[in-house]
Structure formats: structure tokens, C-alpha cells
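Input: a single structure, listed below in C-alpha cells.
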């Protein structure tokens, strides 16, 4: 479903997105961010060397338990987000997908973690050498 649904309250629309970066050792990392679009709260920033659809689902399961489930989950069309098993699980939970075009202005507005510089600043604050 490609739609520009605006968040009307907490847990109405969450945005999930990946950010990619490279450590000082030249090893690549992936960061999964989950943001409540209404409160602008970053609910999760998961950092791993590799993240797959199953990792996205595991992260969302934990967040659904901790925060409740959103009505909509906004993402681009990366393979981890359109994976059939993840989409089936979201449907079972009653959360509807909202897909956006990668790099669109809506995408940049919806994801405050969309720039590597922001992530680097955050990680530097925790003493991580990226």
C-alpha cells in the first residue's frame, strides 16, 4: 500500500529504515531504526553487521510488547521489509504496511535517522569508534 498516511497519535504510524555505515576497521554495519512518527521518539536503533527480515520481525515483536503495536508500519521496499513472512506476521498482528519510494521527500521527512552523520554523532556520544 503506497500512501502518505500522517500520524494522528502515538502508535499510529511507525517508520522503519536501514542506515549503512563503515567502522574504522572498514567493516560494514547496518542500523535498523524504528521511529514513532507522532512522538518522533526513536523506539529502537539496532546495530549489527547483518540484519535480515527475521531480525526485523524479532525487533518489532519486542517493540510491540514494550510499546503496543502501531496501526501502520511505514518502510521503503527493501527486501527485508517486503519479505512475505514479515508481511504475513504484520497482518496477523493487525498492523498495515505503508510503502514509500526510497529517497522520496516523504521518506527523508519520516525518518530522522536517514543521514549517516546523525548516526555517527549518536554513536560517538556513546564512545563508539565509527
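What follows is calculated from the coordinates using simple rules that are stated; it is not laboratory data. The shown structure was predicted, so the numbers you read here are calculated from the model rather than taken from an experiment. All Cβ positions, even for glycine, are placed from backbone atoms using ideal geometry, and neighbour counts span all protein chains on display.
Placing a label point 7 Å from the Cα of residue 38 along the Cα-to-Cβ line, the residues of region 69-88 whose backbone N sits under 14 Å from it are 69-73.
Could you pull out which residues in region 31-61 have an amide N less than 11 Å from a spot 7 Å beyond the Cα of residue 79, following the Cα-Cβ vector? Zone members listed by number: 52-53. P(r) tail, region 1-97: Cα-Cα pairs separated by more than 18 Å, 44% of all pairs.
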